[in-house]
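The values are calculated or read from the model by the stated rules, or taken from the named source; none is laboratory data. Quick caveat, the model's predicted, so the values are computed rather than measured. Glycine gets a Cβ as well: all are built from the backbone with ideal geometry, and neighbour counts include every protein chain shown.
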Amino acid sequence: MNSVLQALLHAPPLRNYFLGDRHNRFLCPRRTPMRHRTTDAEAKAACLACDLDEIYSATFSGERTPYSPAKFLYSWWQHATNLASYEQQDAHEFFISILDHIHENIKDDQHKSHEQGDGDCCIAHRVFSGILRSDVTCTNCGFSSTTFEPCMDISLDLDPGHNNCLGVANPKPHVRNGERSAAGMSSKVSTLMRCLERFTRAERLDAEQKYFCERCKERQESLKQMSIRRLPLVSCFHIKRFEHSTVKKMSRKVDHSLQFPFSLDMTPYLSSSILRSRYGNRIFPSEACDSEAVSELPSEFEIFAVITHSGKLDAGHYVTYLRLNNQWYRCDDAWVTRVDEHTVRSSQAYMLFYVQKTLYYKACERGAAV
């Protein structure tokens, strides 16, 4: 919970929303102050957005004493009863649960959406929601079926077969394609770029997944390709480090390294780019629609938070690295220490948070002014 809250508290668009008094906990009609809740019914009716607003106020009040979000945890338990226990839980699952319940709580009539998944119905969706495009193409006749799906984050598989790579870190890393690699390190180290390339690569669906082709009028083998139709203000990448195999009847954690850039250009993974590489310069109606969808938002992002996991599959510890004014800080519960870039790059990344570059530098300018 602490690791995810640190990332949410320092997400520039979300922080500006709450510190800008866009959701006032004292005026919210759902508001029952945490300290005044006496019954379970009151707790269930509580607004998580109000609770988050209270945490923002406490965190940015200038008070040096660590803030304990124990009341927030209890309030969240009332919303997510399946996770209300003292057992080990997953940071990614907590992140999705928080956004889902903020979405349920905040109904801003001025920004309600008539089109499902366009990310404008609440602050959680306006900040984190993007749209994925899925194209399934019949290998027999070439007919394509396209669907769109809203997403709050993107889960990425690590490169297969690279779990046992070893390397020696070099104190003088060099930059290649926006990602730093260490001289002498195995080329089999996973990178965020390769994970994204794999995510957007066309894959052949197996025999059990044959889809019904509308043109052939029967089930056919097909190719499926994912791409990003619309980017969010904040992109969250979840790295699948926990593997569960029903065939081998075993679970394990993937511990190998992941290299990731601090500056990320998402252009190669957009639907418009994928379609152009597939069809060349020919113009199709669907391509024009995708070009319009991505023209609204820039495709260049800057990293501002990394959540790491240390330990094993059934037990471990989460730590967040925050990038504030180009300086990195390690947030380990109540302990915050300054660290260098090498420490962040060598960490075992589990969740990566990127914000649009223009928003990141605006936040830096405000921080410098303060």
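A few points about this structure:
- Unmet requirement for L48, which otherwise passes all of (1) over 23 Å from the mean Cα position of the chain (by Cα); (2) at pLDDT 65 or above: (1)
- Within region 319-331, the only residue that satisfies the criterion of being farther than 19 Å from V234 by Cβ and touching a Phe, Trp or Tyr at 6+ places or on another chain (Cβ under 9 Å) is R330.
- Region 199-242, residues that are outside any strand (DSSP E or B) and of a type in the set (A, V, I, L, M, F, W, C): F199, A202, L205, A207, C216, L231, L233
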